[in-house]
Amino acid sequence: MFIGAIGCEPLQLARVHLENSHTLEVYRKHGGYESLRKVLTSMSPDDVINEVKKSALRGRGGAGFPTGMKWSFVPKDSPKPKYVVCNADESEPGTFKDRYLMERDPHLLIEGMLIAAYALGAKTNYIYTRGEYRYLIDIMDRALEEARAANLLGDKILGTEFSSEVYTHTGAGAYICGEETALLSSLEGMRGHPRMKPPFPAVSGLYASPTVVNNVETLTAVPDIIRMGGEAYQKLGTEKSGGTKLWSVSGHVKQPGVYELPMGYDDMEKFIMVDCGGILGGKQLKAVIPGGSSVYIMRADQIIGKDVRMDYEGLVAGGSSVGSGGFIVMDETVDVFESTKNLTEFYKHESCGWCTPCREGTDWLVKVFRRVADGGGRPEDAQLMLDLCDNIEGKSFCPLGDAAAWPIQSAIKRFPEDFKKRLAGNGQL
Amino acid sequence: MSSQLINIQPMSQPVDIGDEVASFSPEVEKEIDWHLAKYPVMRSAILPLMFIVQRERGYLDPPGVAYLAKRLHLRITDIWEVATFYSMLHTKPVGKYHIQICKTLSCKIMGEPGITEHVCNKLGIKPGETTADGRFTVSLVECLGSCGTAPMLQIGFDYHENLTAAKVDQILGSLP
């Protein structure tokens, strides 16, 4: 599997190939914790937030919300403690970038979290890691121990007045806990049910206190932003999406992996066909899901010869979205009905059961998919699926419902032939 | 359809928890204290503590659940409520080696069906079942974040990636 940068100098992946890259010694030898020192000795919390705003860094977990703006929503005058929570509940099918960041460069995450904690005035911070990534929790715990022993964590960090702690926390197998309010419910020891917004976590999050929840990739971008300055970081990408982005690539490509590309990389066809080595076994490209399982599936002819730019705006214009940056590449042998059924089973399993449209809707969708797969497809079944999606999309309590509907809606629209051939009388649409 | 409706059980079934409360060694108690010290609210430690109970007792058995309720100052139902939500928590015994095969899209198109068939044929069980000697349980699970190295499976907490039938044989053969 490939891990590295294409089209730019590696930032977040700069150290991943070094021997013992997970150790404090190697991290410091390559400039580690210098951004934290700079922040603690020469910048005010507002300066830090302003640099992050200037960087045009957008949340890398999936929603793409501007990070600096998210940080600025935390009230400064709140008497309550504040928390920074790292979302390491990476569970979006097709996404595995955070895993390698934590495995190879855990101190980068700790440094990013401490800079965020300084900017927001947080004394206690948590890394919520999915339970299956136990080996990463062990790596993070060892790194935290090293940092603590070197006075980079805990009381009076680097001899300054700033004190802050970071702890690991384990999830236990629930995709929904990647949704930030469900994550907070889970961190409080409850079932992982999402909460009503507003109030947003920035105002009332963990233990009803101001909280910022950021993805691993987002927080690990922060040390470089401080080191090079927000403006220089932004210029690596586009005006609205600064910096670089990690893309996880899986499926039928010759070279799957984690690719760091500048935001706005031109273009998606070159990325798949050249950078990722093209399609396995000389087969034809059929479909790509570019942003983790929740985004619209794209046809090959929406990519080939279409100059789809790889950033938030570019992918929307191309007919999908960045999401979590998880590319699932499918060749001509894949039946899109089958691939969509697979993802629908996923959403049904992961629906938390809290709201009716998602709980019942995903269940009924799976029932229809299974009936069609077993040869009992009725002429109206594709339309029935669309109607069910319509009763979920925009009507569920949290975005999981939308995420279940979008793959189906786009698959039926863009690959109608794969659905119709399974329905009696070639179906009605 | 109607038979399905009749068979619906309440989420938390009445369980005879008995009077027994599990106890643990001083080392394990120390580990539990370390987790509890991380949080300003005790209940937050529920998931890490459940993993410890599960490791020590095989699954969240009634004495283990009673211990958690006592240790965290919660009701038995609070523990069951959380235990039944998360897929990695077991309220029934599982095999010594829990083989979890990822079945989500990237693994699916990269050869998961063949791996599942191979594992199941080798062990003589179907997904969801445990071998008669209690050594192996096979489950099909959702995405484990190993899509670039598909197909994959996890045994306990260990990742095994880029699988082939030969590699599966080697992995299963190397288990003590």
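Which whole-number percent is the relative contact order of chain A (Cα, under 8 Å, 6+ apart)?
17
Give the long-range amide H neighbours of residue A:64: residues separated by 5 or more places, or on another chain, with amide H under 5 Å away, using H modelled in the peptide plane at 1.01 Å from N.
A:59
Within segment A:124-192, report the GluC sites (Glu not before Pro) that DSSP leaves as loop and that have at most 10 other Cβ atoms within 10 Å.
Numbers: sites: A:132, A:145, A:146, A:161, A:165, A:179, A:180, A:188; in loops: A:161, A:179, A:188.
Loop-located and lightly packed - A:161.
Report, to the nearest 10°, how far helix B:46-57 tilts away from the longest principal axis of the Cα atoms in chain B, using its own Cα long axis and a range of 0 to 90°.
70
Which value at 222 nm does the protein assembly as shown reach when only helices count, each DSSP H run of 4 or more adding -39,500 (n - 2.57), with the total divided by all residues and rounded to the nearest 500 deg cm²/dmol?
The helix contribution divided over the protein assembly as shown gives -12000 deg cm²/dmol.
Between the helical axis of B:26-36 and the dominant principal axis of chain B, each derived from Cα atoms, what acute angle in degrees is found, rounded to the nearest 10?
Tilt of helix B:26-36: around 90 degrees.
Count the net charge of all other residues whose Cβ sits under 13 Å from the Cβ of residue A:417, scoring Lys and Arg as +1 and Asp and Glu as -1.
+4
What FRET efficiency comes out for the pair residue A:26/residue A:383, r = Cβ-Cβ distance, R0 = 56 Å, nearest 0.05? Each step should come with its number before you reach the end.
Working: r = 58 Å, r/R0 = 1.03.
Computed FRET efficiency for residue A:26 and residue A:383: 0.45.
I want the antiparallel fraction of DSSP beta bridges within the protein assembly as shown, as a percent rounded to 5.
Percent antiparallel among DSSP bridges in the protein assembly as shown is about 40.
Classify segment A:8-235: rounded, prolate or oblate, from the alpha-carbon gyration tensor (a ≥ b ≥ c, eigenvalue square roots; a/c under 1.5 rounded; otherwise prolate if a/b is larger than b/c)? Let's see the in-between values first.
Numbers: a/c = 1.36, a/b = 1.13, b/c = 1.20.
Here segment A:8-235 falls in the rounded category.
For labels at residue A:19 and residue B:34 in the simple 7 Å Cα→Cβ model, what's the distance in nm?
Placing both labels 7 Å beyond Cα along the Cβ direction yields 2.9 nm.
Of the trypsin sites (Lys or Arg not before Pro) in segment A:87-195, which ones lie in a loop per DSSP and count no more than 14 other C-beta atoms within 10 Å?
A:123, A:156
For residue B:41 and residue B:174 in one chain, what is 0.36 nm times their gap in residues minus the Cα-Cα distance, to one decimal in nm?
Answer, rounded to one decimal: 43.6 nm.
Between helix B:112-123 and chain B, what is the angle of the helix's C-alpha long axis to the longest principal axis, kept within 0 to 90° and rounded to the nearest 10?
Computed tilt is about 80 degrees.
Indicate the gyration tensor shape class of segment A:244-331 (rounded, prolate or oblate), computed on the Cα atoms with a ≥ b ≥ c the square roots of the eigenvalues: a/c under 1.5 is rounded; otherwise a/b larger than b/c is prolate and the rest oblate.
rounded
Hey, can you list the DSSP H helices of chain A whose Cα span along the axis is 24 Å or longer and whose average Kyte-Doolittle score is at least 0.0?
none
Filter the GluC sites (Glu not before Pro) in segment A:235-299 to those in DSSP coil with at most 15 other Cβ atoms within 10 Å of their Cβ, and list the result.
A:239
Can you list the cysteines of chain B that have no other Cys Cβ under 4.7 Å away?
Those would be B:120, B:143, B:147, since no other cysteine Cβ in chain B comes under 4.7 Å of theirs.
Considering only C-alpha atoms, what is the centroid distance from segment A:150-170 to segment B:78-95, in Å?
Result: 34 Å between the Cα centres.
Bear in mind these aren't lab numbers, they're just calculated from the coordinates by the rules spelled out. Bear in mind the structure is a predicted one, so any value in this text is a computation, not a measurement. All Cβ positions, glycine included, derive from the backbone under ideal geometry; neighbour counts span all protein chains shown.
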